[in-house]
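The numbers here are math on the coordinates, done by the rules we state, and not lab data. Quantities reported herein were computed from a predicted structural model and do not represent experimental measurements. Virtual Cβ from ideal backbone geometry, glycine too; neighbours counted across all protein chains shown.
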Amino acid sequence: MENSVEEIFQKLYCITAQKGYYADFNFIDFNALTISMDKINTQINKSKDKGIKMRLWDGEKFLEYANTTIDYDFLKQKILELIQTADENQKLIKDKSELKIDRKNLSKKFSSSCFKEEINLKSITNKLDNIKNELLNLDKDIVNVRTLIRQKKEYHIFANQYRQMSQQISEVLVAGIVMLKTENGIKTVYKVFVDNNISVIDKLTNSFDELKSDIIKMKKAKPLENAGKYKVILSPKMSGLLAHESFGHGMEADTIIRGRALAVEWIGKKIANSNVSIIDFPLIEGKHGMFYFDNEGNMAEKVYLVKNGIVNEPISDIYSKTKLGLNSSSNSRFESFDHKNYVRMSNTYFEKGSDSFADMIKKVDDGIFVFDCAGGMEDPKGWGVQIQGCFGQRIKQGELIDEYYDGFSLTGFLPDIMKNITSVSKEFEIEGGGSCGKGHKEWVRVSEGGPYLLINEVILG
Amino acid sequence: MEQESSIIDEKIIHFYLNEELKKENITDWKIDYYHTKQNNIYIEQNFKTESILKSERKEYLITVYKSFESKIGTSTFILNDSSTIKELKEEIQDAVFISSVSLSEKYILPKVEDESVKDDHIDYSIFYNQKVHDNFDIYDFEAFLNEKFNILKDEIETNNDEKVKLKINYVEFFNSAGFHKLTTSSGINKSSKNNSTYLEFVITATDINKNEEKEHIIYEEISDLLEFNFYDFFKKHLKYAKDTITAQNALDFKGPVILTGFAGPDFFIPTIGDLNPFILFASAKLKFMQISDYQINQKVLNTKKDHLTIYSNPFISKNSASVPYDDLGISAQKICIINDSVFKNHISSKQYADYINVLPSGPLGVIEVSSGSKNEDDMYNDNEDKIEIVSFSSFDPDSTSGDFSSEIRLGYRIKNGIRIPFKGGLFVGNVFKIIEEMYLSKEQINIPGYCGPRTIKFNKGKIVGL
């Protein structure tokens, strides 16, 4: 490139500002190296996603253009086309509105501490191979295992007439997945860890005992015979999923604008006991939902979705802030440069409490400790909870007993579940992380985790 | 000689890859070139446009191979139309190293003279709509959508009454046109075009007396935009939306469960993830991994009522799951996967075909399921209480065990001939077991990815209520 991306953006936003239009610009250069091995194959893949998006506000809507071509003359032509369209639209716009933009000038560069770390292919491949062989030996009924390490590096530049920002984020994800033959067919147990450096692979190495224990549990697991209401303890992973999937999606302001969020009726109202708070916070180093600023140049900040049991303000982007008169939040994200910005969560979790996990178990006379699942689905309109493919252990008379269930779902009406949270643990972890979609698309990386939760009543089936 | 800062093109990529071939650093290569355009329109409440996003991607997915005596190494990397020769050279060097450590059991890459690569039998025009594709840059999708909105607004007015009001919460209308070119070092050179439309919207029904709202969500992939019947589509979904307002909570139920609407095809091609496991087990890869124990000419599905006959058909005209060749250039063919519940053929890439010693099948196409023994009317016309499910939040059976537990977005309890709508609850079971007592309708439906019975009846279904 003759001009750097920053220089190109600077020239372009000068053009749009001169014409009196707000415009913003994003450049993404995403690279990932994945090493994956199972019994049969070793695969090393590199993936890449690189391009820019320009967005212009015509007074009523965004006009956006995204491309892999990074050339000033080409992009200038495109921004002039957007301006021309915006000019033509002025005759048709009835209610022109000005975006609620933060006009504070900011010029910042951020970089994850391990961004320059490179994977030594030979040594990591050997290490993964050793882990794979150890996993294969964990149990005679294992039909296949997969070990995986993925190093992602994301370079992001944002610019508008007030801000010029850049961030370099790195992340390393490791996974050990075991497929085993059981009486009820092929089942899977796994461990996933995320951090910003390669030493996270040691966590996988140190998890063999846990995996072995999970294998034994899975082999014993049977379908939950009686669907119905249960007292449950949710693991950190499960409490993270509840915070994110079941609650958080309803607090995304663009969902509220679309008239699809029941949460709007609860803002300012009590939904849970005072020991319950839910937070969204992007700036947790090494966690899967981490970033320094969002795709609209807003600096990462902690937002309470629920504070001491009271439903707080939703997370938002420029469009929804403008329409709903909300305060700032740093939650405008897109899946890739050629996708629209949406209001998205990052690291969303219940704030840790003061009770102990061991004490929670003792409080349960008959219930289930739900410690894993396949995933969940949001229902912001109905606030129904749908968490599927759950894996759990029976609790009887205050003790975990040798009885396991899998393949069941956790469901119910979210406010009912929230008001039934009686204990929140001091033990807290955010490990692993997956992708979150809006419906069945628009995937962004988020983390899952939090404290253990004791809930008096949920529906399992 | 081009400068290192020069932007790459196909010719330059060929040159540098062939240099590595000459040095015997690699033994084969392939290039997938993708050129994709999108035109996306985002509408919020009251049909107000929130954003219009146009985009274009030009990317090269480059794979190098290195054959050894009993192993083959591969490495893939991506470049785009802004990448330089310097970047290309660096990536090739990395790929040369990676292909010496990223190893699989050996398989033979296809060559241009192979029978399986020949494509005289393929009409490439069936895979896309020429009018939309070739005029994509100038096609006025906004005007098209506004025209359809007028139909929708009229239908909303028709459906609104003093008890129930309907409105649209949002619409997302995505159109794409793609071009793909595959070239390999062995001389394979194929290209294809495709286009598709994705429509997502939410209708909210309000009970005016109770001031209560319920929503009905639609995700629809449309293969042929110009042939799609928007009128019938809107009419059907407005009716579903209206029914959600009177929908009760699901109750426990054991007995006949009928899947129709969205839910019927979902059973065979789940909305998220892979295929239904009993089709997925036809994969040669799963056979090789000993996850599937399917044996050719053995009965693999324990169906006692209607038996299953399933094809992979990549030639259904303008169906977005129809494709002319796979990722190595093996030509598409119609394959019988299961015939009368007896397993007939694997779906296999060249790699796994070599591993289990079968012929490669070419790409997976549209899942085509043969009609069953009953008319839809016959499925309903008995005195038994039954459940009808028209849509799930997501039907996602476990890909290895076949267990499922899927939330019902809209269903009907049919009792004494009266249909009572309900929402929520879970349809639970195992795909391998539930098909033991299954009937398929004679009436068929043709949608992206699926061509088969519109309605499925399971005699022994189970619903877990709220």
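Around B:Y439, under 14 Å between beta carbons, what's the net of Lys plus Arg minus Asp minus Glu among the other residues?
-2
Once you list every other residue whose beta carbon is under 9 Å from the beta carbon of A:R146, what net charge do they have if Lys and Arg are +1 and Asp and Glu are -1? Let's see the in-between values first.
Working: positive: A:K39, A:K132; negative: A:D38.
Within the 9 Å Cβ shell, the charges total +1.
For a 18 Å ceiling on Cα separation, which of these pairs sit above it: B:K11/B:K58; A:K187/B:K460; A:K269/B:K210; B:K22/B:K190; B:K131/B:K181; B:K153/B:K236?
Flagged as over cut-off: A:K187/B:K460; A:K269/B:K210; B:K22/B:K190; B:K131/B:K181.
Hey, rough spin-label estimate for A:E225 and B:E384, points 7 angstrom out along Cα→Cβ, what's it come to in nanometres?
For the pair A:E225/B:E384, the computed spacing is 2.6 nm.
Could you list B:E69, B:E59, A:E285 in order of exposure, starting from the residue whose Cβ has the fewest other Cβ atoms within 10 Å?
Least crowded to most crowded, the residues run B:E69, A:E285, B:E59.
What distance in nm lies between label points placed 7 Å from Cα along the C-beta direction at B:K163 and A:E457?
Here the answer is 3.1 nm between the modelled labels.
For the pairs A:K217/A:K237; B:K23/B:K71; A:K50/A:K191; B:K37/B:K214; A:K419/B:K165, note any where the Cα-Cα span goes beyond 26 Å.
The pairs that break the limit, which is 26 Å between Cα atoms, are A:K50/A:K191; B:K37/B:K214; A:K419/B:K165.
Please arrange B:E443, B:E162, A:E245 by counting, for each residue, the other beta carbons lying within 10 Å of its beta carbon, fewest first. The partial results should precede the final answer.
Details: B:E443 16, B:E162 7, A:E245 25.
So the ranking, lowest neighbour count to highest, is B:E162, B:E443, A:E245.
Can you give the angle from 0 to 90° between the axis of helix A:72-89 and the longest principal axis of chain A, with both taken from C-alpha atoms, to the nearest 10?
It is inclined by approximately 80 degrees.
Quick one: if you stick a label point 7 Å off each Cα along the C-beta vector at A:L324 and A:E88, how many nm between them?
With each label placed 7 Å out from Cα toward Cβ, I get 3.4 nm.
Just rank B:H14, B:H307, fewest to most, by other beta-carbon atoms within 10 angstrom.
B:H14, B:H307
What's the local net charge at B:D340, with K and R +1, D and E -1, over the other residues with C-beta under 11 Å away? Present the calculation step by step, with values, prior to reporting the outcome.
Numbers: positive: B:K299, B:K344; negative: B:D306.
Here the charged neighbours net out to +1.
Rounded, prolate or oblate: which fits the protein assembly as shown, taking a ≥ b ≥ c as square roots of the Cα gyration tensor eigenvalues, rounded meaning a/c under 1.5, else prolate when a/b beats b/c? All intermediate terms of the calculation are to be shown ahead of the outcome.
On the way: a/c = 1.19, a/b = 1.07, b/c = 1.12.
Since a/c stays below 1.5, the shape of the protein assembly as shown is classed as rounded.
Can you tell me the length gained on complete extension of the stretch B:C336 to B:E221, counting 0.36 nm per residue apart and subtracting the Cα distance?
38.9 nm
Dipole magnitude of the protein assembly as shown about its Cα centre, charges +1 at Lys/Arg Cβ and -1 at Asp/Glu Cβ only, in debye to the nearest 20? Let's see the in-between values first.
Details: 118 positive and 137 negative charges, 254 e Å.
For the protein assembly as shown, the charge dipole is close to 1220 debye.
State, as an integer percentage, the relative contact order of chain A based on alpha-carbon contacts under 8 Å between residues 6 or more apart. Intermediate values should be presented prior to the final figure.
Details: 1144 pairs, mean separation 72.5, N = 461.
It rounds to 16 percent for chain A.
Apply the a/c threshold of 1.5 to the C-alpha gyration tensor of the range A:88-193 and tell me whether it is rounded, prolate or oblate.
Values: a/c = 5.07, a/b = 2.12, b/c = 2.39.
Cα axes put the range A:88-193 in the oblate bin.
Does the range B:213-300 come out rounded, prolate or oblate, given a ≥ b ≥ c as the square roots of the eigenvalues of its C-alpha gyration tensor, rounded meaning a/c under 1.5 and, failing that, prolate meaning a/b above b/c?
Oblate is the answer for the range B:213-300, as a/c is 1.5 or above yet b/c matches or exceeds a/b.
In whole angstrom, note down how far apart the Cα centers of the range A:1-70 and the range A:182-234 are.
38 Å
Placing unit charges on C-beta atoms (Lys and Arg positive, Asp and Glu negative, everything else neutral), compute the dipole magnitude of the range B:252-332 about its Cα centre in debye, rounded to 20.
My answer is approximately 260 debye.
Please identify which residues in the range B:23-37 have an amide N closer than 15 Å to a label point set 7 Å out from the Cα of B:S67, following the Cα→Cβ vector.
B:24-30, by backbone N distance to the label point.
Quick one: how many lysine pairs in the range A:126-181 have C-alpha atoms under 27 angstrom apart, if they're 8 or more apart or on different chains?
9
Tabulate in residue order the Karplus-calculated ³J(HN,Hα) for the range A:147-160, using 6.51 cos²θ - 1.76 cosθ + 1.60 with θ = phi - 60°, rounded to whole Hz; enter x for Gly and Pro.
Running phi through 6.51 cos²θ - 1.76 cosθ + 1.60 with θ = phi - 60° gives 10, 8, 10, 10, 9, 10, 10, 10, 10, 10, 10, 10, 8, 9 Hz.
So if I place +1 on the C-beta of Lys and Arg and -1 on the C-beta of Asp and Glu, and nothing else carries charge, what would the dipole magnitude of chain A be about its Cα centre? I want it in debye, nearest 20.
240 debye
Separation of the range B:28-51 and the range A:117-152 by C-alpha centroid, Å?
Measuring centre to centre over Cα atoms gives 37 Å.
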